[in-house]
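Novice: This is the structure I want to talk about, given as structure tokens.
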Amino acid sequence: MGIFGWLPHRGPKPATPDDAPEQTLAIYTSQPAQTAIIVTLIGIEAEQIDEIIDVTARRFGKKHKIVYLTDSLDFMRFRDRNAIFEYLPSALEQKLHAAEICWNAYLARRWRLLLSKWQPVHVISYGRNIDAFLAAAPPMTVRTDR
């Protein structure tokens with residue numbers, strides 16, 4: 001072994017651009033984005049939520065992404081079905097915390113944010129509709145226990 005014995009032996013000369021096979025351009029297109037539908041479930045009994053999720057998924061699930069907007073704290077009903085959901089505090093929660101937050105402004109802002117985020121083509125209401133829910137938000141009250 002000579003002084004350069006540790007160097008690997010040279011292989012064949014790499015192909016020049018003239019010898020290289022012609023490259024083909026592969027363009028991959030993604031699936032078109034699904035349009036969204038917001039289904040509001042405000043003031044709905046917990047037992048009815050399962051049925052509503054099943055019915056709306058069968059009716060709209062193939063063509064649209066369904067986003068459920070609920071005031072229920074029972075999130076497992078949505079999670080068990082792999083459903084997308086958003087939460088708004090119930091009327092009771094709003095009354096309990098009326099001294100801490102201006103609910104009518106908060107809920108109006110939150111609704112605009114949800115519309116911007118999901119850009120729904122339809123809003124379907126079960127129970128109280130979103131306009132009535134927003135209009136019924138209590139104004140901020142002054143605390144008297146300080």
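Novice: Give me the helices (runs of 4 or more DSSP H) completely within the range 35-146, filtered to those with at least 1 residues that are of a type in the set (D, E, K, R) and touching a residue at least 24 places away in the same chain (Cβ under 8 Å), ordered by residue number.
Specialist: 46-60, 76-79, 91-96
Novice: Looking only at residues that are at pLDDT 95 or above and not hydroxyl-bearing (S, T, Y) in the range 18-44, which one is farthest from Q94 (Cα to Cα)?
Specialist: Residue satisfying both the conditions and the ranking: A36.
Novice: Which of the residues belonging to the range 68-93 are aliphatic (A, V, I, L, M), crowded, with 16+ Cβ neighbours inside 10 Å and more than 16 Å from A57 (Cα to Cα)?
Specialist: L88, A91 - these are the residues of the range 68-93 that are aliphatic (A, V, I, L, M), crowded, with 16+ Cβ neighbours inside 10 Å and more than 16 Å from A57 (Cα to Cα).
Novice: Please indicate, with yes or no, whether at least one residue in the range 59-82 is modelled with pLDDT of 95 or more, more than 18 Å from the chain's Cα centre (by Cα) and not β-branched (V, I, T).
Specialist: Yes.
Novice: Identify all residues within the range 23-53 that are surrounded by 10 or more Cβ atoms within 10 Å (Cβ to Cβ) and of a type in the set (G, A, S); write none if there are none.
Specialist: The answer is A36, G43, A46.
The values are calculated or read from the model by the stated rules, or taken from the named source; none is laboratory data. Just so we're clear, the structure is a prediction, and the values are computed from it rather than from any experiment. FYI the Cβ positions are ideal-geometry reconstructions off the backbone, even for glycines, and counts take in every protein chain you see.
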